[in-house]
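Worksheet for the structure shown next.
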Amino acid sequence: MNMPIHCVIAEDEQIFRDALVKLLAIQWPELEISAACEDGAEALEAIAEHQPAVAFLDIRMPGLSGMDVAAATASISPATQIVFVTAYNQYAIDAFEKGAIDYLLKPIEPKRLASTIQRLQTRMNTGSSDPAALEALLMQLTKVLPPRAVAEPMVWLTASTGKESRLIMIEDVLYFQSDSKYTTVITAEGEALLRTPLRDLINKLDSNQFKQIHRATIVNMKAVAAIARDESGRGTIKLKGRPETLAVSLTYMSLFKNM
């Protein structure tokens, strides 16, 4: 009995995500879709868990982009073959010229997907993977893709403390931590609760200042005193003037490799 071939899909637009799932079911029935994710953070967790043979990543998604996920995948699942999905026809084609990393244009054409599947199967059979080509491609894409249009980051938020509501300036937030229902906002003055899920919150924050370090934690990098790694590769963040430490999952440590 053949072992299943695992795949992770990351696409924030449901219509394109569903279309790719259906096309793959027809053209590559042996492929087992382990996760069809709507954002980069979810995809990164799924790739770390399933170690898929293939990952189809939308280049531009809210929060972690497909490029961010691909860069981290090189560390957490190096055998995974990356296929980028993009709407940037005029910008992307030149960057993919060498053919070491595949791409699909939206809307995905069945004929193009079929040829991509053939190349993927060949690479998987030969065990070929080219981290250097991926790194070079990511650098090239960073240069040629148009800047991502983003709304101005939020400056303040309203959170509840008991029966009261507090106005909290974003710059005063040390970190956010979530459970299944609420997101806790931690400042030097105490804690407050938000009903906004972490996945929605990350898109409203300044990505240069606030980083996701765990599926349940976003930290203000200005509040970070030090980042330590243990022998397993997991990390711990020490905060300025605070006794607690924050865990950085192995998945997200790959995003801090240059720190």
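The values are calculated or read from the model by the stated rules, or taken from the named source; none is laboratory data. Just so we're clear, the structure is a prediction, and the values are computed from it rather than from any experiment. When we count neighbours, we look across all protein chains shown, and the Cβ atoms used for this are built from the backbone with ideal geometry, even at glycine.
Looking at the range 93-109, which of the residues that are assigned to a loop (DSSP other than H, G, I, E, B) and among the hydrophobic types (A, V, I, L, M, F, W, C) is modelled with the lowest pLDDT? Outline the logic, then answer.
Keep residues of the range 93-109 that are assigned to a loop (DSSP other than H, G, I, E, B), which gives 93, 97-101, 106-109.
Among the residues that remain, those that are also among the hydrophobic types (A, V, I, L, M, F, W, C) are: 93, 100-101, 108.
Working: ILE93: 68, ALA100: 63, ILE101: 79, ILE108: 93.
The extreme case among them is ALA100.
Condition first: polar (S, T, N, Q) and closer than 22 Å to SER75 by Cα. Now tell me which residues in the range 209-255 satisfy that.
Of the residues in the range 209-255, the ones polar (S, T, N, Q) are 209, 212, 217, 220, 232, 236, 245, 249, 251, 254.
Within the range 209-255, GLN212, THR217, SER232, THR236, SER249, THR251, SER254 meet the criteria.
Under 6 Å between Cβ atoms, at least 6 apart or on separate chains: pull out the pairs that start in the range 171-194 with a residue that is assigned by TED's automatic domain parsing to the domain that holds GLY241 and end on any residue that is at pLDDT 95 or above and part of a loop (DSSP other than H, G, I, E, B).
none
Name the helices (runs of 4 or more DSSP H) wholly within the range 1-88 that hold at least 1 residues that are under 13 Å from the mean Cα position of the chain (by Cα)? Full working, then the answer.
Details: elements: 14-27, 40-50, 66-76.
Correct list: 40-50, 66-76.
Any residue at all in the range 31-49 that is of a type in the set (A, V, I, L, M) and under 21 Å from ALA136 (Cα atoms)? First the steps, then the outcome.
Initial filter on the range 31-49 (of a type in the set (A, V, I, L, M)): 31, 33, 35-36, 41, 43-44, 46-48.
Then keep just the ones that are under 21 Å from ALA136 (Cα atoms); that gives 44.
Checking the range 31-49: at least one residue is of a type in the set (A, V, I, L, M) and under 21 Å from ALA136 (Cα atoms).
Which residue pairs have Cβ atoms closer than 9 Å, lie 6 or more positions apart in sequence or on different chains, and pair a first residue in the range 103-118 that is among the aromatic types (Phe, Trp, Tyr) with a second residue that is exposed (fewer than 15 other Cβ atoms within 10 Å of the Cβ)?
TYR103/ILE93
Can you name every residue in the range 193-215 that is farther than 13 Å from THR183 by Cβ and among the β-branched types (Val, Ile, Thr)?
Correct list: ILE213 only.
For the range 237-259, which residues satisfy the criterion of being charged (D, E, K, R) and within 18 Å of the chain's Cα centre (by Cα)?
Once the filter is applied, which keeps residues that are charged (D, E, K, R) and within 18 Å of the chain's Cα centre (by Cα), the range 237-259 yields only LYS257.
In the range 219-248, what count of residues is obtained for those that are under 19 Å from ALA71 (Cβ atoms) and either of a type in the set (A, V, I, L, M) or in contact (Cβ under 8 Å) with a residue 60 or more places away in the chain (or both)?
From the range 219-248, those under 19 Å from ALA71 (Cβ atoms) are 221, 227, 229, 233-235, 248; that's our starting set.
Subsequent filtering for residues that are either of a type in the set (A, V, I, L, M) or in contact (Cβ under 8 Å) with a residue 60 or more places away in the chain (or both) retains 221, 227, 248.
Total satisfying the criteria: 3.
Which of the residues spanning the range 218-236 are under 20 Å from LEU44 (Cα atoms) and either assigned to a loop (DSSP other than H, G, I, E, B) or over 14 Å from the mean Cα position of the chain (by Cα) (or both)?
The first filter runs over the range 218-236 and keeps only residues under 20 Å from LEU44 (Cα atoms), leaving 218-219, 229, 232-236.
Once the filter is applied, which keeps residues that are under 20 Å from LEU44 (Cα atoms) and either assigned to a loop (DSSP other than H, G, I, E, B) or over 14 Å from the mean Cα position of the chain (by Cα) (or both), the range 218-236 yields VAL219, ARG229, SER232, GLY233, ARG234, GLY235, THR236.
Would the range 222-234 turn up any residue that is of a type in the set (S, T, N, Q) and farther than 21 Å from GLU49 by Cβ? Before the answer, list the steps.
Filtering the range 222-234 down to residues of a type in the set (S, T, N, Q) leaves 232.
Next, only the ones that are farther than 21 Å from GLU49 by Cβ stay: none.
No: zero hits.
If I filter the range 157-164 for residues that are in contact (Cβ under 8 Å) with a residue 12 or more places away in the chain and either of a type in the set (A, V, I, L, M) or in a helix (DSSP H, G or I) (or both), do I get at least one hit?
Start the filter on the range 157-164 by keeping residues that are in contact (Cβ under 8 Å) with a residue 12 or more places away in the chain, which leaves 157, 159-161.
Adding the requirement that they be either of a type in the set (A, V, I, L, M) or in a helix (DSSP H, G or I) (or both) leaves 157, 159.
Scanning the range 157-164 turns up at least one residue that is in contact (Cβ under 8 Å) with a residue 12 or more places away in the chain and either of a type in the set (A, V, I, L, M) or in a helix (DSSP H, G or I) (or both).
One line per residue, one yes/no per condition, for (1) within 23 Å of the chain's Cα centre (by Cα); (2) at pLDDT below 75; (3) on the phi > 0 side of the Ramachandran plot:
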| site | (1), (2), (3) |
| --- | --- |
| GLU135 | yes, no, no |
| LEU138 | yes, no, no |
| ARG148 | yes, yes, no |
| ALA151 | yes, yes, no |
| MET154 | yes, no, no |
| LYS163 | no, no, no |
| TYR175 | yes, no, no |
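Among the residues that make up the range 60-83, is at least one of them over 29 Å from ASP206 (Cα atoms) and surrounded by fewer than 20 Cβ atoms within 10 Å (Cβ to Cβ)? Reasoning before the result, please.
Looking only at the range 60-83, we keep the residues that are over 29 Å from ASP206 (Cα atoms), and these are 78-81.
Checking which are surrounded by fewer than 20 Cβ atoms within 10 Å (Cβ to Cβ) leaves us with 78-79.
Within the range 60-83, one or more residues are over 29 Å from ASP206 (Cα atoms) and surrounded by fewer than 20 Cβ atoms within 10 Å (Cβ to Cβ).
Can you tell me how many residues in the range 197-217 are assigned to a loop (DSSP other than H, G, I, E, B) and buried (at least 16 other Cβ atoms within 10 Å of the Cβ)?
Going residue by residue through the range 197-217, those that are assigned to a loop (DSSP other than H, G, I, E, B) are 197, 205-209, 215-216.
Next cut, buried (at least 16 other Cβ atoms within 10 Å of the Cβ) only: 205, 207, 216.
Here the count works out to 3.
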